[in-house]
Amino acid sequence: MKEMLNTAKREKYAVPHFNINNLEWTKFILQVAEEERAPVILGVSESAIQYMGGYVTVSKTVEGLLSDLKITIPVVLHLDHGHDLISCKKAIDAGFTSVMIDASKKALEENIKETKEVVLYAEEKNVSVEAEIGHIGIGEASQEEYANIEECQKFVLETKVDALAPALGSAHGLYKGLPHLDFIRMKEIAEITGIPLVLHGGTGIADSDLQNSIQNGICKININTELQVVWAQAVRTYLTENETVYDPRKIIASGEKAMKEMIRYKLKVLKNQKQ
Ligand code: 13P
């Protein structure tokens with residue numbers, strides 16, 4: 001992921017991180033990314049890993065799809081919000097190529113200590129590490145939780161992470177109000193740390209704000225809820241119109257078109273296509 005994000009930083013685009021929830025979502029994302037020739041990051045949360053069966057199942061599922069679908073674009077399998085070293089180690093050992101350690105709820109020194117431990121383990125296996133600073137919550141962001149510039153500098157110097165997700169006004173899930181991204185702080189953090197920044201909570205952020213973020217140092221944009229919403233809407237409509245259907249393949253696939261359109265649209269917004 002480090003290499004992928006440094007290229008994005010140089011060429012001023014953002015690589016999308018789409019969260020996966022099952023085999024079908026993984027397939028849909030990979031198919032569109034391949035068609036568009038766009039590098040992509042498959043993000044998996046700990047709860048999605050548990051849902052899908054475990055770290056090895058997720059890793060082997062992705063490996064199998066990459067081979068069977070003959071995917072040639074660069075693909076990263078990334079642990080999203082790993083909450084401790086044990087979880088990150090499990091992902092790395094199972095073959096994930098990138099992990100996020102999220103100790104952002106802890107005090108700065110503790111966050112640094114835990115992140116350093118993950119970096120040490122990941123380095124040996126050539127796996128990239130993302131960490132979070134400030135706190136990116138759910139639904140809305142509080143000003144007090146925005147990342148502090150000096151703390152980001154110290155954090156990156158001491159931990160040597162490959163990518164940093166500073167809290168800058170975005171939040172996970174559907175926004176309760178309008179998100180207010182702090183672009184000035186974003187730019188300063190990008191300059192002072194010199195590493196690619198990550199924007200969590202990509203759902204519900206205006207296209208122009210996403211593009212503005214890229215201009216100010218964001219190289220990876222995480223999107224989850226937006227795909228869930230369009231998929232669920234399409235499936236709901238399909239089930240209402242086809243009350244007697246029971247084949248799970250038909251039900252899950254009824255959200256494919258809507259999801260693929262959204263993925264394609266986001267790739268365009270993030271200018272992620274290879275020129
Ligand atoms: P959304 O669900 O708001 O798109 O956020 C996704 C995310 O940041 C995953 O880490």
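The values are calculated or read from the model by the stated rules, or taken from the named source; none is laboratory data. The shown structure was predicted, so the numbers you read here are calculated from the model rather than taken from an experiment. Quick reminder, even Gly has a Cβ in these numbers, built from the backbone with ideal geometry, and neighbours come from all protein chains shown. All accessible areas refer to the heavy atoms of the entire protein, side chains included, with ligands and DNA or RNA removed. Shrake-Rupley method; radii C 1.70, N 1.55, O 1.52, S 1.80 Å.
When restricted to residues that are open to solvent by 50 Å² or more (accessible area, probe 1.4 Å) and closer than 13 Å to residue 27 by Cβ, segment 64-90 contains 5. Which members of segment 243-264 meet the condition of being touching a residue at least 12 places away in the same chain (Cβ under 8 Å) and not basic (Lys, Arg)? Hits for segment 243-264 are 251, 252, 253, 254, 255, 256, 258, 259, 261, 262, 263.
Residues are listed down the side, and each one gets a yes or a no for (1) closer than 15 Å to residue 211 by Cα; (2) away from the ligand (no atom under 13 Å from the Cβ); (3) charged (D, E, K, R); (4) not in a loop (DSSP other than H, G, I, E, B):
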| site | (1), (2), (3), (4) |
| --- | --- |
| 161 | no, yes, no, no |
| 176 | no, no, yes, no |
| 184 | yes, yes, no, yes |
| 187 | yes, yes, yes, yes |
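All of (1) open to solvent by 30 Å² or more (accessible area, probe 1.4 Å); (2) assigned to a helix (DSSP H, G or I); (3) touching a Leu at 6+ places or on another chain (Cβ under 8 Å) hold for residue 264 with one exception: (3).
Would you please name the residue that is most open to solvent (accessible area, probe 1.4 Å), looking only at residues in segment 119-158 that are small (Gly, Ala, Ser) and within 15 Å of residue 186 (Cβ to Cβ)? Filtering segment 119-158 for residues that are small (Gly, Ala, Ser) and within 15 Å of residue 186 (Cβ to Cβ), the one most open to solvent (accessible area, probe 1.4 Å) comes out as 141. In segment 217-228, the residues that are more than 13 Å from residue 174 (Cβ to Cβ) reach residues that are near the ligand (Cβ under 8 Å from one of its atoms) and charged (D, E, K, R) with C-beta atoms within less than 9 angstrom, at least six apart or across chains, in these pairs: 222/80. Note on segment 163-174: among residues that are open to solvent by 10 Å² or more (accessible area, probe 1.4 Å) and in a loop (DSSP other than H, G, I, E, B), the one that is farthest from the ligand (Cβ to nearest atom) is 174. Per the conditions (1) within 16 Å of the ligand (Cβ to nearest atom); (2) over 20 Å from the mean Cα position of the chain (by Cα); (3) open to solvent by less than 20 Å² (accessible area, probe 1.4 Å), the sole criterion not satisfied by residue 235 is (1).
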